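*Asks:* Below: one structure in C-alpha cells.
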Amino acid sequence: MARQKGIIKLKGTIGDISFYKSKDGYLAREKGGVDGDRIKNDPAFARTRENGSEFGRAGKAGKLIRTAIRPLLLQTRDSKVASRLTKLLMKVIQSDADSARGDRTVEGGDLELIQGFDFNADGRL
C-alpha cells in the first residue's frame with residue numbers, strides 16, 4: 001500500500017491508481033483483480049460465487065442486528081463492529097450442516113455462537 005507524503009492530498013482515481021483517505025492517512029493502490037463478468041459466469045469461479053453469496057448473507061444479517069439495536073450502538077465508538085459481527089456471522093453460516101455450500105444460512109447455523117458478542121470492543125455495554 002503506497003502512502004502519499006506530499007502537500008497535495010489526492011482522492012479518486014487516475015488511470016489504474018486509486019487514491020483514498022483512511023484512518024491511516026492518505027493512501028494509493030493499483031487497480032487489480034479479475035474481470036467481474038468472468039467471476040459471474042466462469043465455472044472456475046463457482047467457489048468464489050458460493051463464498052460471496054454466504055458473505056452477503058452474513059453482511060445482511062449483521063445489518064439487521066445492528067439496525068435493531070441502533071439506539072444502543074449510537075452510544076459506542078467501535079468503528080469495527082460491523083466487520084467483527086460479519087466475521088462471527090460467517091462462522092454461524094459455516095456451522096449450517098443441513099444446506100449445501102453456497103446455500104447455507106444464518107438461520108440454519110448455530111446461533112449460540114453469537115452469545116457474548118461485545119458490540120463495543122473499547123468498553124463494555
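*Asks:* Can you confirm whether Asp110 is under 30 Å from Lys23 (Cβ atoms), among the acidic types (Asp, Glu) and either at pLDDT below 95 or touching a helix residue (DSSP H, G or I) at 6+ places or on another chain (Cβ under 8 Å) (or both)? First the steps, then the outcome.
*Replies:* Values: under 30 Å from Lys23 (Cβ atoms): no; among the acidic types (Asp, Glu): yes; either at pLDDT below 95 or touching a helix residue (DSSP H, G or I) at 6+ places or on another chain (Cβ under 8 Å) (or both): yes.
No, not satisfied.
*Asks:* For the list (1) within 30 Å of Arg3 (Cα to Cα); (2) in a helix (DSSP H, G or I); (3) among the charged types (D, E, K, R), I need the number of the one condition that Asp122 fails.
*Replies:* Every condition holds for Asp122 apart from (2).
*Asks:* Could I ask something else about it? Could you tell me how many of the residues in the stretch 84-98 are over 17 Å from Phe119 (Cα atoms) and among the polar types (S, T, N, Q)?
*Replies:* Selection size over the stretch 84-98: 2.
*Asks:* Also: Return the pair list, or none, for Cβ contacts closer than 6 Å from residues in the stretch 94-115 that are free of Cβ contacts under 8 Å to residues at least 24 places away in the same chain to residues that are in a helix (DSSP H, G or I), at least 6 apart or on different chains.
*Replies:* Matching pairs, first to second residue: Gly109/Val92; Gly109/Ile93.
*Asks:* Scan the stretch 7-48 residue by residue and report those that are of a type in the set (Asp, Glu) and either assigned to a loop (DSSP other than H, G, I, E, B) or surrounded by 12 or more Cβ atoms within 10 Å (Cβ to Cβ) (or both). Show your work before the answer.
*Replies:* Applying the first criterion (of a type in the set (Asp, Glu)) to the stretch 7-48 yields 16, 24, 30, 35, 37, 42.
Asp16, Asp24, Asp35, Asp42, listed by residue number.
*Asks:* Could you run through the stretch 67-85 and say how many residues are part of a helix (DSSP H, G or I) and either on the phi > 0 side of the Ramachandran plot or free of Cβ contacts under 8 Å to residues at least 40 places away in the same chain (or both)? Steps first, please.
*Replies:* Filtering the stretch 67-85 down to residues part of a helix (DSSP H, G or I) leaves 67-68, 70-73, 81-85.
Cutting the leftovers down to either on the phi > 0 side of the Ramachandran plot or free of Cβ contacts under 8 Å to residues at least 40 places away in the same chain (or both) gives us 67-68, 70-71, 82-85.
Residues in the stretch 67-85 being part of a helix (DSSP H, G or I) and either on the phi > 0 side of the Ramachandran plot or free of Cβ contacts under 8 Å to residues at least 40 places away in the same chain (or both): 8 in total.
*Asks:* Check Asp96, Asp110 and return the single one that is under 23 Å from Phe45 (Cα atoms) and over 15 Å from the mean Cα position of the chain (by Cα). It would help to see each step written out before you state the result.
*Replies:* Numbers: Asp110 fails: under 23 Å from Phe45 (Cα atoms).
Result: Asp96 is the single residue among Asp96, Asp110 that is under 23 Å from Phe45 (Cα atoms) and over 15 Å from the mean Cα position of the chain (by Cα).
*Asks:* Considering only the stretch 1-43, state which residues are of a type in the set (A, V, I, L, M, F, W, C), modelled with pLDDT of 85 or more and more than 23 Å from the chain's Cα centre (by Cα). Lay out the reasoning, then the answer.
*Replies:* Quick first cut of the stretch 1-43, residues of a type in the set (A, V, I, L, M, F, W, C) only: 1-2, 7-8, 10, 14, 17, 19, 27-28, 34, 39.
Now narrow it down to the ones that are modelled with pLDDT of 85 or more: 14, 17, 19, 27-28, 34, 39.
Within the stretch 1-43, Ile14 is the sole residue that qualifies.
*Asks:* A further question follows. Just to be sure before I move on: is Ser95 assigned by TED's automatic domain parsing to the domain that holds Gly56 and touching a helix residue (DSSP H, G or I) at 6+ places or on another chain (Cβ under 7 Å) in the structure I sent?
*Replies:* Numbers: assigned by TED's automatic domain parsing to the domain that holds Gly56: yes; touching a helix residue (DSSP H, G or I) at 6+ places or on another chain (Cβ under 7 Å): yes.
So Ser95 passes the test.
*Asks:* Mind checking which residues of the stretch 50-59 are free of Cβ contacts under 8 Å to residues at least 40 places away in the same chain and within 10 Å of the chain's Cα centre (by Cα)?
*Replies:* Within the stretch 50-59, Phe55, Gly56, Gly59 meet the criteria.
The values are calculated or read from the model by the stated rules, or taken from the named source; none is laboratory data. Predicted model only: the values in this text are computed from it and were never measured. Methodologically, a virtual Cβ is constructed for each residue, glycine included, from the backbone with ideal geometry; neighbour enumeration extends over all protein chains shown.
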